[in-house]
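Structure, as structure tokens:
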Amino acid sequence: MKKIRKGTQAGAAAKVTALVAKLNRYRHEYYNLAAPSVPDAVYDHLFDELQELEKRTGIILSNSPTQTVGAVPVSSLKKVRHTIPLLSLDKTKQMEELLQMAGRSASLLMLKLDGLTVKICYENGRLAEASTRGDGETGELVTHNIPAFYNVPVSIPHKGRLVVIGEGIIHQDDFEEIKGEVSDGRKEACNARNLAAGSIRLLYPAACRKRHIHFYALNVIEGMEGFGKIADSRGKLLEAMRSLGFEVCPFLPLTTKVSMKELEKGIRDLRDTAGDRGLPIDGMVLRYDSLSYSKGCGRTGHHYKDGIAYKFEDEVQETVFRSVEWTPGRSGEIAPVAVFDAVEIDGCRVARASLHNISFIRDLELHPGCRILVSKRNMIIPHIEDNLDRGHYGKGMIPKKCPCCGKAVRIYARKGSGGRIIETLHCDNADCRNQLLRKLVHFAGKKAMDISGISEAVIDRFIEKGFLHTCQDFYHLGRYCWEIIRMEGFGERSYEKMQESIEKSRHTTFVRYVVAMDIPLIGRTAGRALDGFFKGNLQEFAKAAVDCFDFTSLPEFGEKMSRSICKWFHDGENLKLWKTLQKEFHFQEREEETMKNRTENNPFAGCTVVATGKLENFTRDGINSRITSLGATAGSSVTRKTDYLICGEKPGSKLAKAKELGIPVLTEQQFLDMILA
């Protein structure tokens with residue numbers, strides 16, 4: 001047998017692929033159309049040529065006419081554990097994050113194919129095993145269906161073990177042609193991705209064959225050492241896979257000096273390629289070329305850190321709406337939450353989503369049993385995008401009584417943006433248990449009084465037993481000492497730890513006290529600004545609020561926040577709580593920064609500084625406290641008044657806004673260097 005030299009391997013693989021495609025076209029003309037375009041002698045000659053080429057190269061494709069789909073159906077899909085976890089990549093919708101990653105090391109920009117990830121293992125050139133990605137740790141065996149794929153080599157010229165990761169997809173034109181044929185009697189397949197995922201997991205190879213599944217190689221995770229000098233290059237290994245008969249996902253190599261303009265052009269070019277070839281995609285993937293560099297990037301429990309997925313738009317899944325759960329909040333507004341059949345979006349199981357208000361429910365015309373489209377906006381927040389079965393909305397969707405206390409509810413209407421009327425549901429019963437629970441949980445929370453060891457469940461039990469009626473009651477639980485100790489789950493030590501935490505919370509600050517009062521729209525950032533303006537004087541702050549002080553004179557304070565403060569202090573019960581509760585606390589003296597600390601060698605004094613993204617050395621509260629200690633204002637949003645933006649990982653829209661406004665952007669290290677200089 002003549003061997004093909006290494007230099008001509010790629011050309012031979014391409015010839016195998018071309019011959020398979022030509023012979024399959026002739027087979028289709030002969031068997032399905034009854035209109036052959038070539039004589040039998042021509043077909044037989046090409047068939048013999050392919051057979052000889054397969055022997056010489058060792059490359060045999062799954063859809064080769066020299067093979068038959070003879071795999072035996074299976075009764076179930078067995079589970080298999082991945083020795084190397086098939087974790088996903090982190091995701092972003094910001095081009096800046098792609099550019100930032102590309103600047104660290106040479107990388108590949110490739111299409112994010114929208115199908116099902118499949119791992120294929122070869123032993124000494126023969127197909128040995130194939131499995132789905134599953135949850136990254138455990139997948140399902142689908143070896144029986146690989147011969148039913150249209151383009152997977154079942155034999156390759158490679159010694160030892162080789163493991164290739166790729167995506168099983170259905171081309172868009174194939175999907176349009178077959179989607180009606182594979183309906184389950186109720187509805188057509190909704191998209192190529194779902195059809196591909198279901199088809200690859202079918203028990204019968206013959207049925208899988210009809211779905212036109214194609215495989216595109218994305219990565220090599222075992223057997224790289226057999227490729228010599230190129231073993232550390234992801235891109236060159238993929239080119240080597242091409243020479244073994246694999247189709248490879250289209251990609252572009254990037255250098256560390258790639259510009260935003262070049263990156264944007266690369267994405268446009270790859271999208272055009274996907275469109276021309278009918279490849280289903282939902283974004284791009286950027287991954288480092290060097291496998292050794294990638295390994296040094298590490299991983300989390302969820303994703304590898306050597307790349308990032310750039311999403312074009314939020315993923316949308318179809319499911320069935322079941323009901324609405326209504327939950328009273330601290331303010332008395334009853335929040336609606338949709339409950340629907342669970343779907344997986346961006347790797348997470350989603351079964352609930354906020355419905356915001358009555359107007360939102362009415363606009364969607366929701367009713368039990370309707371089909372809905374669900375997304376995770378910005379890949380974070382579950383959201384119902386649309387109702388596919390409109391026209392059956394009924395007023396019975398809105399309760400007439402509070403689901404917690406049973407008292408009558410009222411609908412409150414207000415004008416939203418653009419003059420649109422927004423309707424919300426409210427319970428006006430001040431004794432509504434759920435409202436009280438939410439208020440007490442907020443009061444004891446980490447950002448307020450920080451009473452550890454007293455969970456929401458414990459607070460709920462204390463309310464039920466009559467131990468808690470107001471926030472002040474936390475500081476007099478000692479009167480129920482023996483009753484609490486005898487409660488299930490408690491004991492003397494548990495009670496002592498709780499009391500220690502309560503006593504510790506008596507030593508508090510202006511900011512914590514303001515946050516604990518739960519004034520609408522006033523959180524820690526606003527609390528710090530008020531602390532600075534009133535020098536930590538609670539009485540001066542309250543007097544200003546009662547006198548309707550214009551709080552918009554403070555940085556980051558708008559009219560709504562100003563009105564909210566004044567309205568809260570003009571409520572007699574709130575003012576009484578503000579004054580009497582202070583008796584329970586010892587307020588820490590406010591440390592006045594010296595003028596030297598504020599101005600000398602400190603470029604941030606008097607500036608407005610905003611932090612975004614995940615920081616290595618600070619929590620969100622920690623960085624805001626540090627900014628404030630420098631005599632600067634810790635902003636919550638980027639505006640024209642912002643002087644600096646400190647940018648960590650996954651910065652989101654604030655980075656784009658800062659660049660648009662020409663605001664200086666600092667890395668966390670640059671910020672630290674400036675304050676230490």
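Points worth noting:
- Flag if ARG56 is surrounded by fewer than 16 Cβ atoms within 10 Å (Cβ to Cβ), touching a Lys or Arg at 6+ places or on another chain (Cβ under 8 Å) and either on the phi > 0 side of the Ramachandran plot or at pLDDT 80 or above (or both): yes
- The single condition among (1) open to solvent by 30 Å² or more (accessible area, probe 1.4 Å); (2) polar (S, T, N, Q); (3) farther than 30 Å from ILE519 by Cβ that SER290 does not satisfy is (1).
- Residue check for ALA526: over 27 Å from GLN435 (Cα atoms) and aliphatic (A, V, I, L, M): no
- In segment 344-375, the residues that are open to solvent by 20 Å² or more (accessible area, probe 1.4 Å) and under 19 Å from the mean Cα position of the chain (by Cα): GLU344, GLY347, CYS348, ARG349, ALA351, ARG352, SER354, LEU373
- Among the residues of segment 629-643, those identified as more than 27 Å from the chain's Cα centre (by Cα) and either within 14 Å of PHE671 (Cβ to Cβ) or surrounded by 21 or more Cβ atoms within 10 Å (Cβ to Cβ) (or both) are SER629, LEU630, ALA632, THR633, THR642, ASP643.
- For first residues located in segment 656-677 and over 20 Å from ALA605 (Cβ atoms), partners that are hydroxyl-bearing (Ser, Thr, Tyr) and not in a helix (DSSP H, G or I) and lie 6+ apart or on another chain with Cβ distances below 9 Å form the pairs LYS657/SER637; LYS657/THR639; LYS657/THR642; ALA658/THR612; ALA658/THR642; ALA658/TYR644; LEU661/THR639; LEU661/THR642.
- Any hit, segment 228-250, residues being without any contact (Cβ under 8 Å) to a residue 12 or more places away in the chain, of a type in the set (A, V, I, L, M, F, W, C) and open to solvent by 40 Å² or more (accessible area, probe 1.4 Å): yes
- Leading residue by the ranking (modelled with the lowest pLDDT) among those in segment 154-193 that are within 18 Å of GLU239 (Cα to Cα) and aliphatic (A, V, I, L, M): ILE156
- Residues of segment 205-242 satisfying the condition of being of a type in the set (Phe, Trp, Tyr) and closer than 30 Å to GLU181 by Cβ: PHE215, TYR216
- Residues in segment 402-443 that are in contact with an Asp or Glu (Cβ under 9 Å, 6 or more places away or on another chain) and more than 19 Å from THR327 (Cβ to Cβ): ALA413, ARG414.
Here's the yes/no breakdown for (1) free of Cβ contacts under 8 Å to residues at least 60 places away in the same chain; (2) open to solvent by less than 80 Å² (accessible area, probe 1.4 Å); (3) in contact with a Leu (Cβ under 9 Å, 6 or more places away or on another chain); (4) in a helix (DSSP H, G or I):
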{"position": "PHE462", "(1), (2), (3), (4)": "yes, yes, yes, yes"}
{"position": "PHE467", "(1), (2), (3), (4)": "yes, yes, yes, no"}
{"position": "ASP473", "(1), (2), (3), (4)": "yes, yes, yes, yes"}
{"position": "TYR480", "(1), (2), (3), (4)": "yes, yes, no, yes"}
{"position": "GLU488", "(1), (2), (3), (4)": "yes, no, no, no"}
{"position": "GLN499", "(1), (2), (3), (4)": "yes, yes, yes, yes"}
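- Filtered by the rule that a residue be within 15 Å of TYR216 (Cα to Cα) and open to solvent by 40 Å² or more (accessible area, probe 1.4 Å), segment 113-139 gives a lone residue, ARG133.
- Candidates ARG563, ARG512 - the one that is assigned to a helix (DSSP H, G or I), open to solvent by 60 Å² or more (accessible area, probe 1.4 Å) and without any contact (Cβ under 8 Å) to a residue 40 or more places away in the chain: ARG563
- Checking GLU177 against (1) open to solvent by less than 10 Å² (accessible area, probe 1.4 Å); (2) assigned to a helix (DSSP H, G or I), the condition it does not meet: (1)
Here's the yes/no breakdown for (1) surrounded by 20 or more Cβ atoms within 10 Å (Cβ to Cβ); (2) without any contact (Cβ under 8 Å) to a residue 12 or more places away in the chain; (3) assigned to a strand (DSSP E or B):
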{"residue": "LYS265", "(1), (2), (3)": "no, yes, no"}
{"residue": "TYR310", "(1), (2), (3)": "yes, no, yes"}
{"residue": "ARG322", "(1), (2), (3)": "no, no, yes"}
{"residue": "ARG330", "(1), (2), (3)": "no, no, no"}
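The values are calculated or read from the model by the stated rules, or taken from the named source; none is laboratory data. These numbers come from a predicted model, not from an experiment. Glycine also receives a Cβ, built like all others from the backbone with ideal geometry; neighbour counts cover every protein chain displayed. These area figures cover heavy atoms from the full protein model, side chains too; ligands, DNA and RNA do not enter into them. Shrake-Rupley method; radii C 1.70, N 1.55, O 1.52, S 1.80 Å.
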